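The values are calculated or read from the model by the stated rules, or taken from the named source; none is laboratory data. What you see is a predicted model, and the numbers here were worked out from it, not measured in a lab. Here Cβ is always computed from backbone atoms with ideal geometry, including for glycine, and neighbour counts include all displayed protein chains.
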Amino acid sequence: MRTTNFGGNIELNPRSFYMPETEQEVLEILDRHQGQRIRCIGRLHSWSKAIEANDVLLDLRQLNHVRTADQNHQPSVDVGAGCQIKRLLSELERQKNWTLPSLGLITEQSVAGAVSTATHGSGRNSLCHYVMSVRVARYDTKTGRATITEITEGAELRAARCSLGCLGVILSVRMQCRSAYCVEESFHEYAQLSEVVAAEEQFPLQQFFLIPWRWSYMAQHRRESSMDRSATAGLYRWYRFLTIDVAMHLLILLLVRLIRVKSLIRLIFRRVIPTFVVRDWSVVDQSSPQLVMEHELFRHIELELFVTRERLEPAMQFVEQVLCVAGGTVQEVDNSFRNKLSQVGLEEDLSAVAGIYCHHFPICIRKVLPDDALISMSSPGNASADELADSPWYAITFTCYARGKDRDAFETVGRFLSRSMASLFVARPHWGKLCYLQPIELRKLYPQFAAFRQVCKEYDPNGNFQNDWTRQLLEEA
Ligand SMILES: Cc1cc2nc3c(=O)[nH]c(=O)nc-3n(C[C@H](O)[C@H](O)[C@H](O)COP(=O)(O)OP(=O)(O)OC[C@H]3O[C@@H](n4cnc5c(N)ncnc54)[C@H](O)[C@@H]3O)c2cc1C
């Protein structure tokens with residue numbers, strides 16, 4: 001079995017591949033491959049090395065049961081690891097008129113995959129925060145035989161909530177649910193970041209986009225609504241699909257893959273792309289169609305960096321300046337940033353990105369509340385004076401549709417942004433997206449990393465469930 005991930009940037013070529021149908025079959029596979037390295041995949045929608053697997057690979061798509069429960073009026077669901085989020089949503093709706101408390105931009109992922117890299121949307125916690133228990137297949141440390149452990153509390157649960165596949169084979173997950181609800185959405189453009197962020201009070205579920213080369217912010221205002229579905233909701237769904245998910249993307253593909261003229265890309269972003277968005281058309285619809293977009297229609301790669309609320313504004317100024325340097329429209333970043341870059345030895349790296357890449361996709365910014373997890377990207381930072389443990393995080397996403405040399409140039413800029421923003425703004429890269437930091441740099445960003453490593457050692461003392469990347473990540477510094 002040879003395959004590649006969604007982004008086409010990682011190839012998997014395992015020696016043995018299985019698609020088990022039962023938990024018992026998983027245990028038998030583990031016993032058969034004692035001493036070998038075992039990894040799992042969901043739907044391969046990650047871009048990071050978390051999915052690499054060269055020895056034994058398991059795909060649990062056939063473990064996809066959906067069993068709802070309503071104990072003590074707390075709606076929850078027991079769901080098979082390989083169930084796709086979209087199937088889970090339709091089953092929750094069909095069985096109980098429930099939904100999930102948090103949703104990302106797409107619903108193609110498997111439950112275990114989405115949980116394992118802390119997939120998130122906007123305005124709420126990551127999906128993994130709502131995980132109540134996890135069933136994991138691993139090796140019994142005394143007998144060496146495969147066994148199943150139910151993780152229900154403490155540091156183990158907080159590790160399992162975003163575990164990068166390091167604890168063993170996730171068989172199923174119990175997750176909080178909620179009653180179905182409606183979301184009101186409208187678009188509005190702002191000149192200043194502070195204005196968009198202030199609008200969060202009224203629209204707590206909003207996400208917003210920095211439009212490159214126009215440098216304004218397009219907010220997708222969203223909030224829960226008790227109103228009925230709007231009469232125009234169906235029309236709105238079609239408008240968003242045809243203009244934003246399809247037409248805007250096709251125009252960008254044409255510009256980036258065929259025409260490839262930087263000045264034209266900049267002009268189109270300044271003048272044409274913003275016209276795709278109908279401002280202030282307020283529509284109420286069910287939560288899933290409002291919160292989810294068809295972002296998987298066209299193959300691309302993504303880098304996503306998380307900063308806390310207090311660092312968002314300088315971080316976005318820095319992003320804008322770096323993209324202008326990379327795009328060749330300015331020569332330098334502000335003195336204050338330049339001094340900081342030279343203090344951390346990255347001034348020359350900035351010169352290396354000058355003029356090499358013209359960014360060509362709106363930069364999505366989403367607020368994520370702090371998770372009760374050890375190493376999810378929005379798990380609490382240092383609870384020191386300048387960084388409150390309960391500060392929300394903002395995920396800044398850089399998307400690239402280019403191919404060949406232009407994709408390489410994006411990766412060079414992405415590498416620079418990752419390293420410089422980790423140094424200047426303590427920015428954490430998404431575990432499931434392009435991840436350019438070295439293990440030692442990554443560990444530093446997570447004050448609870450040692451606790452995560454400890455749980456991994458207890459669950460997998462011989463490193464059977466690690467690939468090269470997670471093995472290096474878990475090394476003692
Ligand atoms: C178009 C697109 C849009 C996206 N939008 C968002 C978004 O809005 N928000 C966001 O946060 N992310 C987003 N992502 C990233 C995506 O949600 C994550 O990368 C997610 O992990 C992918 O899930 P998957 O099922 O494909 O898992 P995979 O990518 O296959 O695996 C991810 C990790 O989970 C582990 N894993 C999977 N199954 C198991 C199991 N049964 N047991 C143990 N470990 C397991 C794997 O080993 C790996 O470490 C997007 C990705 C794409 C391609």
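Considering only region 433-477, give the helices (runs of 4 or more DSSP H) lying wholly within it that have at least 1 residues that are of a type outside the set (Val, Ile, Thr) and within 12 Å of the ligand (Cβ to nearest atom).
On the way: elements: 439-444, 449-459, 468-474.
Where helices (runs of 4 or more DSSP H) fall fully within region 433-477 and carry at least 1 residues being of a type outside the set (Val, Ile, Thr) and within 12 Å of the ligand (Cβ to nearest atom), they are 449-459, 468-474.
Please find, among 205, 255, the residue that is touching a Gly at 6+ places or on another chain (Cβ under 6 Å), surrounded by 15 or more Cβ atoms within 10 Å (Cβ to Cβ) and among the hydrophobic types (A, V, I, L, M, F, W, C). Let's see the steps before the verdict.
Details: 255 fails: touching a Gly at 6+ places or on another chain (Cβ under 6 Å).
Answer to the check: 205.
What strands (runs of 3 or more DSSP E) lie completely within region 133-191 and have 2 or more residues being more than 18 Å from residue 65 (Cα to Cα)? Spell out the reasoning first.
Numbers: elements: 146-151, 169-176, 182-190.
Fully inside region 133-191 and qualifying: 146-151, 182-190.
Would a scan of region 19-30 turn up a residue that is acidic (Asp, Glu), within 12 Å of the ligand (Cβ to nearest atom), touching a residue at least 40 places away in the same chain (Cβ under 8 Å) and not in a loop (DSSP other than H, G, I, E, B)? Spell out how you get there, then give the answer.
At the first step, the residues of region 19-30 found to be acidic (Asp, Glu) are 21, 23, 25, 28.
With the extra rule that they be within 12 Å of the ligand (Cβ to nearest atom), the set shrinks to 23.
With touching a residue at least 40 places away in the same chain (Cβ under 8 Å) added as a condition, the list becomes 23.
Next, only the ones that are not in a loop (DSSP other than H, G, I, E, B) stay: 23.
The answer is yes, given that some residue of region 19-30 is acidic (Asp, Glu), within 12 Å of the ligand (Cβ to nearest atom), touching a residue at least 40 places away in the same chain (Cβ under 8 Å) and not in a loop (DSSP other than H, G, I, E, B).
Condition (residue is more than 10 Å from the ligand (Cβ to nearest atom) and assigned to a loop (DSSP other than H, G, I, E, B)) applied to region 44-58: is it met by at least one residue? I'd like the intermediate steps shown before the answer.
As a first pass, look at region 44-58 and keep what is more than 10 Å from the ligand (Cβ to nearest atom): 54-56.
Filter once more, so that each one left must be assigned to a loop (DSSP other than H, G, I, E, B): 54-55.
Yes - at least one qualifying residue is present in region 44-58.
Report, ordered by the first and then the second residue, all pairs with beta carbons closer than 9 Å, sequence separation of six or more or different chains, a first member in region 72-101 that is assigned by TED's automatic domain parsing to the domain that holds residue 128, and a second member that is surrounded by fewer than 16 Cβ atoms within 10 Å (Cβ to Cβ) and at pLDDT below 95.
76/70; 96/70
Has region 231-239 got at least one residue that is more than 28 Å from residue 327 (Cβ to Cβ), assigned to a loop (DSSP other than H, G, I, E, B) and not charged (D, E, K, R)? Explain how you work it out, then say what you get.
Applying the first criterion (more than 28 Å from residue 327 (Cβ to Cβ)) to region 231-239 yields 231-239.
Cutting the leftovers down to assigned to a loop (DSSP other than H, G, I, E, B) gives us 231-232.
Keeping just the survivors that are not charged (D, E, K, R) gives 231-232.
Yes; the residues of region 231-239 include at least one that is more than 28 Å from residue 327 (Cβ to Cβ), assigned to a loop (DSSP other than H, G, I, E, B) and not charged (D, E, K, R).
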